[in-house]
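Remarks on the structure that follows.
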Amino acid sequence: MSHDAIWFSHPRRYGKGSRECRVCTHRAGLIRKYGLDLCRQCFREYAKDIGFTKTR
């Protein structure tokens, strides 16, 4: 088995390792509220398209 096959072979059904950004598949900085599942970088890119507005 290669290193990659062993490293991520454990099943991840819950926790931070099981979730990823729907755009870039990044695992850190996820915004899960309202079912967005976007990392914070992608959220900043797509916030206006989604309909979010900055109040301050």
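The values are calculated or read from the model by the stated rules, or taken from the named source; none is laboratory data. Keep in mind it's a predicted model, so treat the numbers as computed, not measured. Cβ: placed from backbone, ideal geometry, glycine included. Neighbour counts: every protein chain shown.
Observations, loosely collected:
- Taken over the range 1-26, the residue count meeting the criterion of being among the small types (Gly, Ala, Ser), farther than 24 Å from PHE43 by Cα and in a loop (DSSP other than H, G, I, E, B) is 2.
- Residues in the chain that are of a type in the set (Val, Ile, Thr) and under 13 Å from the mean Cα position of the chain (by Cα): VAL23, THR25, ILE31.
- Whenever a residue of the range 1-21 is small (Gly, Ala, Ser), its partners that are part of a loop (DSSP other than H, G, I, E, B) and modelled with pLDDT of 80 or more, lying with C-beta atoms within less than 6 angstrom and at least six residues away or across chains, give the pairs SER18/ARG12.
- Restricting the range 28-56 to residues that are touching a helix residue (DSSP H, G or I) at 6+ places or on another chain (Cβ under 9 Å) and among the small types (Gly, Ala, Ser), the residue that is farthest from SER18 (Cα to Cα): GLY29
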